[in-house]
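A short worksheet on the structure shown next.
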Amino acid sequence: MSSRGSSTQTGQQRPSAWYAAPAVLFFGLFAVVPMLLVVYLSFTDWDGFGFPQPSGAGNWSRLAGDGEARDALVLTLVFMVLSWLVQTPVALLIGVWAAGRQRNRAILSSLFFLPLLLSTAAIALLWRSVLDPNFGVTQSLPFLGQFNFLGDTSIVIYTVIFVITWQYVPFHTLLYQAAARTIPASLYEAATIDGAGRYKQFFQITVPLLRYTIITSTVLMVVGSFTTFDTVLILTGGGPGTTTRIAPLYMYITGFSAFEFGYASAIAVLLLALGAGLSLLVTKATGFRDMNSQQEGA
Amino acid sequence: MTSQRLTRVGVSASTLVLLASVAACGSSGPSGSGGGGGGEGGTGQVWALQDTTLNPIEEASIERFNEQSEAGDFELATFGNDPYKQRLRTAIGSPQAPDLFFNWGGGNLKEYVDAGTVEDLTPLLDENPELRDAFLPSVLAGAELDGKNYGLPMRGMQPVVLFYNKSVLDAAGVEVPETWDDLLAAVDQLKAANVTPIALAGNQAWTELMWAEYLLDRVGGPQVFQNIRDGVEGDWSQPEVLEAMTMLKELIDRGGFGTEFASVGYDVGGASTILAQGDAGFHLMGSWEFVNQLGQSPDFVEAGDLGWAPFPAVTGGEGDPSNLVGNVSNFYSLTADSENKEAAEEFLSTALTDETYIDDLIAAGDVPPVTGVREKLEEAENSEYTTFIYDQTVDAENFQLSWDQDLQADEATEMLEQLSLFFLGEQTPQGFVDALSD
């Protein structure tokens, strides 16, 4: 029945290509067109007045020699790796735990998911007040009071990673919870009969079967760290100095404070390429694209 | 009169929207208005910065004009600080451009003038000499470029003032400093008394900038910065810059600002509260600080503990101690492509000096840059403070616009970044000079 080829008139196997039109149109208008515009802008000089003036590869050679851009990129990578290292185990553990169907877990995990409901601005402002060196809650706590979380250049990076973790862990937890629930209980039953303990079950069954979810979550984090900066903007503004000025924030400041739209576009294109490249690399290296069944033997 | 700066944070939501709108070459009109710049006889657009206190006053002034004038009608659209700057830039020169727009004068306005988007108002002032005379000359000069006038003052003057906590100074036995050396001595005394000598909301560099601006002016006089702005005479590498920054470095290293300033915010009331609670002796801030303190810590102000003084003189420095820095005022400028020019010119020449408008501004705690309002200020509330500001401005030999408004946007951004590194101790005075002069 399915060997009739792709261009079928019966419409039983496949919907018409027109069904995709709204999505394609939307994607084209709001993703492809702006992307092409940004690529074009990266070869121009534009301060917002009149029309962009072509400047050849000027922005690109400037970018190649821009030490600040390099620092910002390195910082972005550090952020990415550290947040992955912190967020993945936490989200994985909470997600697997929350996948259990006990009632207390349902209640507690709905509490864990609360940050998902808050807007980024609210989260950043909230933490800024909590960590304020003069009026913050942390100042009246015994041990924490001695730290200046947002002002000390040696710890502010970890502060930002902590807040970002707090913000995004619930989302990744949700991914893991949903995925963990699809693992057939029969696997655990068989493992129990074979004498595997809790830890063994977790590492031999749960983690391997959540492999693709881990990759999905990783790709989201990688792409996210090249594009989002709103939390950092409100929490520290990239400061003190340039301590937390990650690459997307550098792009924002160049574009919308210095109004060098051409140069900011060059940074944006670079980030786009890096984000796309890295997520491709992750999916390729892990065999994610083959999408083998996760439930062999189930 | 909350500061324009207050809105600098909290823009992230609109940022995303703006990214989209700018990518589409700013195709969106002002929010909540009938769109477009208005054709012949259409409703003209006035764009201004959001301000909960002043917007109703501006609105009322426009409504009065609409009722009285035959020339045409206007409506006000307001935006937060960052969105305003972004939107104005992309809208100007397009059909969505406003007719009249709010600005800070100086280099900020110069970019628009250079792009040919701003109407020269000199003929208007020449025809109406009484209009020219109505404003304080030093303030009117804030929107003057190459001898031509491109804007008329529409809000109060906001010089930067040295605020202090009287009871803290008294307890430490400190007099209000008249010279830089007095200030350094006061810093030592306040440190010994276990308070932060100077409150500084250093998580945004514009608060730190006030110190650099005043010091450079006191050390080298206003010409030094004007050379920098015009890119002549050695720019940032003029020796006065290094001298002023070295003095500032000394103040920072001496512990003048304490150790926690890097994460203190102004918009969340950080530095103001530190001063009001008696945890700091001084706070250098724009004149809007008074109204903020009145709102946030009324007991502190009403007890008479909030003091204010001009920035200390530097012995042997070139700059006159009467010189001021800060926001000279805000201006309304007319776009060159406006289709409601006649109405707009009538609005500019009548509404900004309208008695009710001035009275409303004064009642809101503003100090309008209009000649002869001193008596009115004396009769109004907080006259001790508002007359101080008025006298300071009238007597000032020079009123330098904040550097971040007077430089072109890209240079200003770089300067603010270097300054925040400088305050953190990650940049030396020489390094600051070198980084900016290349």
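The values are calculated or read from the model by the stated rules, or taken from the named source; none is laboratory data. Every value quoted in this text rests on a predicted model; they were computed, and no experiment measured them. Positions of Cβ are backbone-derived with ideal geometry, glycine not excepted, and every protein chain shown enters the neighbour counts. Ligands, DNA and RNA are stripped out before the accessible areas are found, and what is left, the full protein with its side chains, is counted by its heavy atoms. Shrake-Rupley method; radii C 1.70, N 1.55, O 1.52, S 1.80 Å.
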>> Being away from every other protein chain (no Cβ under 14 Å) and touching a helix residue (DSSP H, G or I) at 6+ places or on another chain (Cβ under 6 Å) is the filter here; which residues of the stretch B:404-438 pass it?
In response: B:Asp406, B:Pro429, B:Val433, B:Ser437
> Which one of A:Thr138, A:Thr76, A:Thr120 is buried (at least 16 other Cβ atoms within 10 Å of the Cβ), more than 12 Å from chain B (Cβ to nearest Cβ) and hydroxyl-bearing (Ser, Thr, Tyr)?
Replying inline: A:Thr76
>> Looking at the stretch A:1-31 only, could you name the residues that are open to solvent by 100 Å² or more (accessible area, probe 1.4 Å), in a helix (DSSP H, G or I) and at pLDDT below 90?
In response: A:Ser2, A:Ser3, A:Arg4, A:Trp18, A:Tyr19
> Just one of A:Ser110, A:Ser61, A:Ser83 is at negative phi and surrounded by 18 or more Cβ atoms within 10 Å (Cβ to Cβ); which is it?
Replying inline: A:Ser83
>> For the structure I just gave you, tell me whether B:Asp395 is open to solvent by 10 Å² or more (accessible area, probe 1.4 Å), farther than 17 Å from B:Arg155 by Cα and in the same structural domain as B:Phe101 (by TED's automatic domain parsing).
In response: no
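From the list B:Asp320, B:Asp299, B:Asp360, which one is closer than 26 Å to B:Leu76 by Cα and of a type outside the set (Lys, Arg)?
Numbers: B:Asp320 fails: closer than 26 Å to B:Leu76 by Cα; B:Asp299 fails: closer than 26 Å to B:Leu76 by Cα.
Result of the check over B:Asp320, B:Asp299, B:Asp360: B:Asp360.
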>> Of everything in the stretch A:36-93, what is of a type in the set (Asp, Glu) and within 25 Å of A:Val207 (Cβ to Cβ)? Give them in sequence order.
In response: none
> Can you name every residue in the stretch B:59-85 that is over 16 Å from B:Thr335 (Cα atoms) and within 18 Å of the chain's Cα centre (by Cα)?
Replying inline: B:Thr78, B:Phe79, B:Gly80, B:Asn81, B:Asp82, B:Pro83
> Could you count how many residues in the stretch A:209-243 are within 8 Å of another protein chain (Cβ to nearest Cβ), assigned to a helix (DSSP H, G or I) and open to solvent by 10 Å² or more (accessible area, probe 1.4 Å)?
Replying inline: 2
> Yes or no: A:Leu174 more than 23 Å from A:Leu209 (Cα to Cα) and away from every other protein chain (no Cβ under 14 Å)?
Replying inline: no
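Looking at B:Leu190, B:Leu251, B:Leu215, which is the one that is more than 14 Å from chain A (Cβ to nearest Cβ), of a type outside the set (Gly, Ala, Ser) and closer than 24 Å to B:Asp438 by Cβ?
Result: B:Leu215 is the single residue among B:Leu190, B:Leu251, B:Leu215 that is more than 14 Å from chain A (Cβ to nearest Cβ), of a type outside the set (Gly, Ala, Ser) and closer than 24 Å to B:Asp438 by Cβ.
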>> Go through (1) more than 14 Å from chain B (Cβ to nearest Cβ); (2) surrounded by 14 or more Cβ atoms within 10 Å (Cβ to Cβ); (3) outside any helix (DSSP H, G or I) for A:Arg101 and report which single condition fails.
In response: (2)
> Restricting attention to the stretch B:258-270, which residues are modelled with pLDDT under 90 and more than 9 Å from every other protein chain (Cβ to nearest Cβ)?
Replying inline: B:Tyr266, B:Asp267
>> Which of the numbered conditions does B:Thr196 fail, given that it passes all the others? Conditions: (1) open to solvent by 30 Å² or more (accessible area, probe 1.4 Å); (2) over 18 Å from B:Met245 (Cα atoms); (3) away from chain A (no Cβ under 14 Å).
In response: (3)
> Do any helices (runs of 4 or more DSSP H) entirely within the stretch B:42-119 hold 1 or more residues that are within 12 Å of chain A (Cβ to nearest Cβ) and either of a type in the set (Phe, Trp, Tyr) or touching a helix residue (DSSP H, G or I) at 6+ places or on another chain (Cβ under 6 Å) (or both), and if so, which?
Replying inline: B:81-91, B:106-114
>> Suppose the filter is farther than 30 Å from B:Leu125 by Cβ and aliphatic (A, V, I, L, M); does B:Leu275 pass it?
In response: yes
> Going by the structure shown, is B:Leu152 at pLDDT 95 or above and surrounded by 24 or more Cβ atoms within 10 Å (Cβ to Cβ)?
Replying inline: yes
> If you go through the stretch B:144-167 one residue at a time, do you hit one that is free of Cβ contacts under 8 Å to residues at least 60 places away in the same chain, acidic (Asp, Glu) and assigned to a helix (DSSP H, G or I)?
Replying inline: no
> Given the conditions (1) farther than 30 Å from A:Tyr158 by Cα; (2) within 13 Å of chain B (Cβ to nearest Cβ), and given that A:Ser61 satisfies all but one, which numbered condition is not satisfied?
Replying inline: (2)
> For the stretch B:85-125, how many residues are closer than 19 Å to B:Asp410 by Cα, open to solvent by 20 Å² or more (accessible area, probe 1.4 Å) and either of a type in the set (Gly, Ala, Ser) or at pLDDT 95 or above (or both)?
Replying inline: 1
> Do you know which of the residues in the stretch A:32-69 that are small (Gly, Ala, Ser) and not in a helix (DSSP H, G or I) is farthest from A:Leu272 (Cα to Cα)?
Replying inline: A:Gly50
> Counting only residues that are under 21 Å from the mean Cα position of the chain (by Cα), more than 18 Å from A:Phe288 (Cα to Cα) and of a type in the set (S, T, N, Q), how many does the stretch A:171-217 have?
Replying inline: 2
> Could you list, in sequence order, the residues of the stretch A:244-262 that are at the interface with chain B (Cβ under 9 Å from one of its Cβ atoms) and either over 18 Å from A:Met80 (Cα atoms) or at pLDDT 95 or above (or both)?
Replying inline: A:Tyr252, A:Ile253, A:Thr254, A:Gly255, A:Phe256, A:Ser257, A:Ala258, A:Phe259, A:Glu260, A:Phe261
